[in-house]
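The structure appears right after this line, and notes come after that.
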Amino acid sequence: MPAITLPDGSVRSFDGPVTGTTVAESIGAGLARAALAMEVDGKLCDISREIVADAGVRFVTRKDPEALELIRHDAAHVLAEAVQSLFPGTQVTIGPSIENGFYYDFYRNQPFTPEDFAAIEQRMKEIVAEAEPFVREVWPRDQAIAFFEEKGERFKAELIRDLPAGEDISVYRQGEWLDLCRGPHLRTTKDVGTAFKLMKVAGAYWRGDHRNPMLTRVYGTAWRDQKELDAHLHQLEEAERRDHRRIGREMSLFHFQEEAVGQVFWHHKGWRLYTALQDYMRRAQTRHGYQEVKTPQLVDRGLWEASGHWDKYRHHMFIATVEDEDKTLALKPMNCPCHVQIFRHGLRSYRELPLRMAEFGSCHRYEPSGALHGLMRVRGFVQDDAHIFCTEDQIADETVKFVKMLYEVYQDLGFEHVRVKFADRPEERAGSDETWDKAESALKEACLTAGVEYEHNPGEGAFYGPKLEFVLRDAIGRDWQCGTLQVDLVLPDRLDASFIGEDSARHRPVMLHRAILGSFERFLGILIEQHAGRFPLWLAPVQVVVASIVSDAAPYAEEVAAALRDAGLSVEADTRNDKINAKIREHSVARVPVILVVGRREAEQRTVAMRRLGSQDQTMAGLEEIVQQLKAEATPPDLRKKSTH
RNA sequence: GCCCUUAUAGCUCAGUGGUAGAGCAACCGCCUUGUAAGCGGUAGGUCGUGGGUUCAAAUCCUACUGAGGGCACCA
């Protein structure tokens, strides 16, 4: 006699076990039509499942978030059926729903190519139209293994073997075809709808392990309706328009070439952006009590052996030798061992702690070729790196200070949304479990003190210590991990760093590794995409263009440009013999934030007509007034705050 | 590193076995111009590199290099 409690609190009783479908029908024909699945006591399941005991039930309709996931998961099943019917001999593996869509990994001697998509999509649409019900069956494990092995589906058989004992082995049928699957699913293939599209093929290792065979993965996107699909495709186009590699080329910020793979050729406009950011960071560091240092690029392998990096990372390091000298050096892949050398140089007193040592550290890492991606992943980069040498007692306080600085910087740079993750000990690590216990609890406590709320990111810590990861969200909703704070009790020991304590004895300092931007290269990539190249005035590589209308106004245009240049702005005068329309267009396309137009009238009256990027309006103002206004506006946010204090 | 895709003029792209093309940009000239492309002309490419097939290769095959999308990696 199950009593079903609905979300509105009403209760319905039934004589015996009932399916969700029956319950929905008992409520109303409309709901019965709309209900795709249900949640029983908080657990999502097929609407055709029987409810045997009292339960709270909520029906999932197409507009619920769960529906989207089911649509995507089911689309993966439909994809798999389509592929197996078109390409016999292809083995199925797994096909989950993912953000914005789904994928399915197949094993086939000949990988799929995008040219196969049209046929597969066509077949998928046929399967959807057939409206085959998804039927769940529970099989004995041996039968399931035998069935899939019989069909030559060795990957599926392996999956079943590895399922925990006692777990139901469920398969879902859709017409003739079936797949091992935990479920739940929609009612029929028809519920998948037709708002899906196959997007790309990719290789993917079986079970994510590079020692396993490479499968061929087909990615698709799927939505509730055509409108949502179109919106998503439009969003992808928008992301492409913002792509920093495209904008970098269009604005002539930087380029890459074969002779220096993974390293940036910064052009003068890009470098202006870079230095504006670096100047800002330098001021922030100074303000927050950091000492800036600069350490060598090429360092003897002995130091890397001592630090433990040689052992773990030498295949990712650029190694250098000289003919006349029997030495091996490496381009530094990070700065910490060098900073320890400065710390160790001479006796340190507890009175000097915490000692915050910062460096715009130029590092090189031999990143795998497949990992390179524009500015986001490069082989030569500069970190806004710092190491805080302190006592264990100071960890919490330093964490509070760091977090404050980090939020201040992100806010100044236009990022409001920040998440924090706590990454704890990885499988492969240096230092004893006891050391790790200590480091992890110290960092957790510091978070508590700092009022930082974090998500758990298990096993993702650095090899020498746990870390906080700061993830910021950009204007189009993508997440980027930039900032980090890592507690390190291992390296000071390995490199024998010590200080003299109050008790006149030697003690080991703790090292906090920390960065806010991460790398300048990557962060600039993010900034470019965040603003789509339309930077706030203080960051814009060219802040103002003064465009003359007639050649008579050219001298005045030069004068205006000179006045702005004197005020510290980056300005160009465009006095070419061209139509003003063409000039406006050209500089707008180049994303110059301010265009000052001057003709005969302005020259006579000593005024300018100011036009902002993205606006059709123009405002007239006196030269002096405009210089003052733009000068104030071009002041970096930290300096602006200062002047208003 | 692995899988797929890809490489033609500065940029965006056309050209699928038979004498390398377009638009924009560049350069030259005319126009002195009032807020997102004025008009005309000129120049520019051993088709990523090396092999191969063919009477003939930008085009087909192959290797390498770079790039793009994933996977793996990310101190």
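One table, with the values for the structure above:
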{"item": "Hull shadow area, averaged, region A:544-644 [alpha-carbon convex hull, nm²]", "result": "6.3 nm²"}
{"item": "Angle in degrees between helix A:520-531 and the longest Cα principal axis of chain A, rounded to the nearest 10", "result": "70 degrees"}
{"item": "√(5λ) per eigenvalue of the Cα gyration tensor, region A:65-236, largest first, Å", "result": "25, 19, 15"}
{"item": "Label-point separation in nm, A:Lys404 to A:Asn100, each point 7 Å along Cα→Cβ", "result": "4.0 nm"}
{"item": "Value of relative contact order over region A:544-644, rounded to a whole percent, pairs C-alpha under 8 Å and six or more apart", "result": "28 percent"}
{"item": "Paramagnetic label zone (point 7 Å from Cα along Cα-to-C-beta, A:Glu149; backbone N under 15 Å) in region A:163-178", "result": "A:163"}
{"item": "Cα-based helix-to-principal-axis angle, A:580-589 vs chain A, degrees rounded to 10", "result": "60 degrees"}
{"item": "Over region A:98-144: Kirkwood hydrodynamic radius from C-alpha pairwise inverse distances, Å", "result": "14.2 Å"}
{"item": "A:Arg241-A:Arg478 FRET efficiency (beta carbon distance; Förster radius 22 Å; 0.05 resolution)", "result": "0.95"}
{"item": "Taking region A:3-60 and dividing mean pair separation by its residue count, relative contact order in percent (alpha carbons under 8 Å, at least six apart)", "result": "42 percent"}
{"item": "Options A:Thr22, A:Thr607, A:Leu639, ranked by Cα towards positive dipole end of chain A, top entry (Cβ charges)", "result": "A:Thr607"}
{"item": "Farthest toward positive dipole pole in chain A [+1 Lys/Arg, -1 Asp/Glu at C-beta], among A:Val218, A:Leu485, A:Gly361", "result": "A:Gly361"}
{"item": "Region A:344-420: GluC sites (Glu not before Pro) in DSSP loop, at most 10 other beta carbons within 10 Å", "result": "A:Glu416"}
{"item": "Cross-link pairs beyond the 31 Å C-alpha cut-off, checked among A:Lys294/A:Lys404; A:Lys294/A:Lys327; A:Lys294/A:Lys467; A:Lys467/A:Lys631; A:Lys269/A:Lys401", "result": "A:Lys467/A:Lys631; A:Lys269/A:Lys401"}
{"item": "Dipole moment magnitude, nearest 20 debye, region A:65-236 about Cα centre, only Lys, Arg, Asp, Glu C-beta charged", "result": "260 debye"}
{"item": "Shape metrics for chain A, restricted to C-alpha atoms - Rg then Dmax, Å", "result": "31.0, 95"}
{"item": "Nearest-20 debye value, chain A charge dipole, Cβ charges on Lys, Arg, Asp, Glu", "result": "1580 debye"}
{"item": "Only Lys, Arg (+1) and Asp, Glu (-1) charged, at Cβ; region A:3-60 dipole about Cα centre in debye", "result": "140 debye"}
{"item": "Listed residues A:Leu31, A:Val382, A:Val403: farthest to the positive end of the dipole of chain A (Cβ charges)", "result": "A:Val382"}
{"item": "Global geometry of region A:3-60, whether rounded, prolate or oblate, following the gyration tensor of its Cα atoms and the 1.5 cut on a/c", "result": "rounded"}
{"item": "Length added when fully stretched, A:Arg314-A:Met1, from 0.36 nm per residue minus Cα-Cα", "result": "105.9 nm"}
{"item": "Cβ crowding within 10 Å averaged over residues, with A:244-251, A:453-460 ranked highest first", "result": "A:244-251, A:453-460"}
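No value in this document is a laboratory result; all are computed from the given coordinates. Note that the structure is predicted; figures quoted are calculated from it, not measured. Because the Cβ atoms are built from the backbone with ideal geometry, glycine has one as well, and the counts that use them run over all protein chains shown.
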